[in-house]
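Single-structure report; data block below.
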Amino acid sequence: MSVVNEISEYLQKGRAKNVKALVSQALDEGIDPKVILNDGLLAGMMIIGTKFRNNEVFVPEVLVAARAMNMGLSVLEPKLIEVGNEPVGKAVVGTVKGDLHDIGKNLVVMMMKGAGLEVYDIGVDAEADAFINKAEEVGADVIGMSALLTTTMPNMQTVIDELKSRGLRDKYIVMVGGAPVNQNFADQIGADYYTADAASAAEVARKAILEKKSA
């Protein structure tokens, strides 16, 4: 088994120290940092994402795999910057105003990173302006909003209304999710995409960005 395949295997098992050591080894062997990223770290994380969506693994396994990925990235990132690796796109993700739940949001952030996106996590209880100002600041492609309380769901609409009032609505792919959110609600508020879980959110975001860039 190649060292890159080993990175993917150990990442899926959540063995962070092994992943970190193997990424260093792969770099020492002169393997292209982009190959290590795409065929090692991201490939492993995408497998975990698929298994998570199919209920073959659960939140704890995803969290330890994500931690392993981050350990690998800590070694790899300086090299990726040297070779000018471009992310697929950029996403601003947060939990809307009035809502302090972050587990779902954190999973989405990890999965999006695992799908090759550069993610800006603006945290919980985020005002409409926080989403939009950060998106404008970093040149984001996606604005992703999470809510776990039915009482905070209308604040997703507030963000979309604010985008419209600033003349920015068409600039961003707007995604929504969270336990009480569904497709019907997403359609009502004019979001572009609703996804039921973190793995789907990452896949949809990646696909939507690539489609928009090729349009």
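Please tell me the relative contact order of the chain in percent, rounded to the nearest whole number, where contacts are Cα pairs under 8 Å and at least six residues apart. Please list the in-between numbers first.
On the way: 378 pairs, mean separation 40.2, N = 215.
It comes to 19 percent, rounded to a whole number.
Considering only DSSP states other than H, G, I, E and B, which GluC sites (Glu not before Pro) in region 1-78 qualify as loop sites with at most 13 other Cβ atoms within 10 Å? Kindly include the intermediate steps, with their values, before the conclusion.
Working: sites: Glu6, Glu9, Glu29, Glu56, Glu61; in loops: Glu29, Glu56.
Counting only loop positions with at most 13 other Cβ atoms within 10 Å, the GluC sites (Glu not before Pro) in region 1-78 are Glu29, Glu56.
Would you list Thr195, Thr151 from the most to the least accessible area, probe 1.4 Å?
Thr151, Thr195
Just the accessible area per residue of the chain, please: how many Å² with a 1.4 Å probe?
Numbers: 10140 Å² over 215 residues.
Solvent-accessible surface per residue comes out at 47 Å².
In nanometres, what is the gap between the two model label sites at Val35 and Ser2, each 7 Å from Cα along Cα-to-Cβ?
Simple spin-label model gives 0.5 nm for this pair.
Leaving ligands, DNA and RNA out of it, report the carbon-plus-sulfur percent of the accessible area of region 96-215 at a 1.4 Å probe.
Of the solvent-accessible surface of region 96-215, carbon and sulfur hold 51 percent.
After finding the eigenvalues of the alpha carbon gyration tensor for the chain, what semi-axes result from the square roots of 5 times each, listed largest first in whole Å?
They are 32, 19, 14 Å, listed largest first.
When a/c reaches 1.5 or more, the comparison of a/b and b/c decides; with that in mind, is region 149-215 rounded, prolate or oblate per its Cα gyration tensor? If you can, show how the numbers build up before the last one.
Numbers: a/c = 2.55, a/b = 1.13, b/c = 2.26.
Taking the square roots of the gyration eigenvalues as a ≥ b ≥ c, region 149-215 is oblate.
Can you give the accessible area of Arg15 in Å² (nearest 10), computed on protein heavy atoms with a 1.4 Å probe?
Result for Arg15: roughly 100 Å² accessible.
The values are calculated or read from the model by the stated rules, or taken from the named source; none is laboratory data. Just so you know, these numbers come straight off a predicted model, no measurement behind them. Quick reminder, even Gly has a Cβ in these numbers, built from the backbone with ideal geometry, and neighbours come from all protein chains shown. All accessible areas refer to the heavy atoms of the entire protein, side chains included, with ligands and DNA or RNA removed. Shrake-Rupley method; radii C 1.70, N 1.55, O 1.52, S 1.80 Å.
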